[in-house]
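Take a look at the structure below.
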Amino acid sequence: MKLQELAKRLDCRLEGEPQTEIQGVAGIEHAEPGEVTFLANRRYAPNLKTTRASAVFLEDGVEVTREPAAPPLAQLRTANPYLAFAKAIEFFYEAPRYAPGIHPTAVIAKSARIGANAHLGPYCFVGDDVTIGENAVLHSFVTIYRGARIGANFFAHAHSVVREFCRVGDRVILQNGVIIGGDGLGYAKNPDGTWYKMAQSGPAVLEDDVEVQANACVDRATVGETRIGRGTKIDDLVLVGHASKVGANCMLCGQVGLAGSTHIGDHCILAGQVGTAGHLTVGNGTVITAQSGVPNDVPERALYSGYPAVENREWLRMMAALRRLPELQKRVAELEEKLGK
């Protein structure tokens, strides 16, 4: 693809040779001639001097200087370099396509209803009274329990599971090993100290355009439902506890854990290994930084860090004071010695 065509397709302003041939995409440190890269984080700007890429997506205002021996570097100016790069990948990588059909080893209940153009791979199981929309792909060893309702353009990778009576919207993607609607941690204590298992009667609900990545779990509810809002993305090894509600267009990064009945607002980001106590609310537009523990409600449009999670600026002050503790201990010991204590 010529560089001028790439710029036109992605609505970028081109500064450089329009006839340069682009054959692929790569990160800025590993790109070779004929490839396009991107600069979204300015800490990597020094790599612009030496990258071997033929072109780079970057914002206006970023100056490009090159080492004398470096090849020419065309610039594709755009307000969102990372988004442009993400779209460019699709021009050079074609994902596998799956022809409609049902593999002879798949087991499909007679009462299941599966839409047109579906692909069901080896050893898939679809239970009684299941409904799946058109253009679905169930890769292999996918299990759909009875009574599940699934929309159009569903893609389930190998070994993913949708449990009984759960509801899944359109264009939902489940990566390998995902479990939607597994039993929540619901037990009542008997007088003798043993645990009585509570029936987990409430389904998990995934709205349209949700993606759940590998080995993540969205538990069903004891009563009511567990709900994931439209467009939300859930990373690997995340647990969404029973009866929790996650709003629209959120991102839950790797190893996030939501205890039961947690409510997360719209457009929130919970970075890696964030954990929440149950029965709390995180307001719309809030960001919680990595490895934070959240024991209480968090307001809207906040930036919280640490454990117990507090406003990020306060946490930074606390960490600065903590680093000074050895020095302060030494000074206190010296003063006590002078005072004869």
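Summary of values
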read-out	value
Hits in the stretch 46-79 - residues which are surrounded by 13 or more Cβ atoms within 10 Å (Cβ to Cβ) and either of a type in the set (S, T, N, Q) or over 18 Å from Glu35 (Cα atoms) (or both)	Asn47, Thr50, Thr51, Ser54, Glu59, Val62, Gln75, Thr78
Total residues in the stretch 147-187, condition touching a Lys or Arg at 6+ places or on another chain (Cβ under 9 Å), outside any strand (DSSP E or B) and not polar (S, T, N, Q)	14
Residue in the stretch 85-102 that is touching a helix residue (DSSP H, G or I) at 6+ places or on another chain (Cβ under 8 Å), assigned to a loop (DSSP other than H, G, I, E, B) and surrounded by 14 or more Cβ atoms within 10 Å (Cβ to Cβ) present	no
Any hit, the stretch 17-31, residues being in contact with a helix residue (DSSP H, G or I) (Cβ under 8 Å, 6 or more places away or on another chain), modelled with pLDDT of 95 or more, surrounded by 15 or more Cβ atoms within 10 Å (Cβ to Cβ) and not in a loop (DSSP other than H, G, I, E, B)	yes
Residue that is within 14 Å of Val287 (Cα to Cα), free of Cβ contacts under 8 Å to residues at least 60 places away in the same chain and touching a Ser or Thr at 6+ places or on another chain (Cβ under 9 Å), where the choices are Val256, Val218	Val256
Top-ranked residue of the stretch 251-276 - restricted to ones that are among the hydrophobic types (A, V, I, L, M, F, W, C) and surrounded by fewer than 24 Cβ atoms within 10 Å (Cβ to Cβ), ranked as nearest to Arg301 (Cα to Cα)	Ile269
Ala214 being surrounded by fewer than 22 Cβ atoms within 10 Å (Cβ to Cβ), hydrophobic (A, V, I, L, M, F, W, C), in contact with a Leu (Cβ under 9 Å, 6 or more places away or on another chain) and in a loop (DSSP other than H, G, I, E, B)	yes
All positions within the stretch 113-135 that are surrounded by 14 or more Cβ atoms within 10 Å (Cβ to Cβ) and within 14 Å of Val162 (Cα to Cα)	Cys124, Phe125, Val126, Gly127, Asp129, Val130, Thr131, Ile132
Check on Ala248, touching a residue at least 24 places away in the same chain (Cβ under 8 Å), crowded, with 17+ Cβ neighbours inside 10 Å, at positive phi and within 23 Å of the chain's Cα centre (by Cα)	no
Test: residue in the stretch 283-291 that is of a type in the set (A, V, I, L, M, F, W, C) and part of a strand (DSSP E or B)	yes
Which numbered condition Ile288 misses (of (1) in contact with a Ser or Thr (Cβ under 6 Å, 6 or more places away or on another chain); (2) surrounded by 23 or more Cβ atoms within 10 Å (Cβ to Cβ); (3) closer than 22 Å to Trp315 by Cα)	(1)
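The values are calculated or read from the model by the stated rules, or taken from the named source; none is laboratory data. Computed from a prediction, not measured in an experiment: that's the story for all the values here. All Cβ positions, glycine included, derive from the backbone under ideal geometry; neighbour counts span all protein chains shown.
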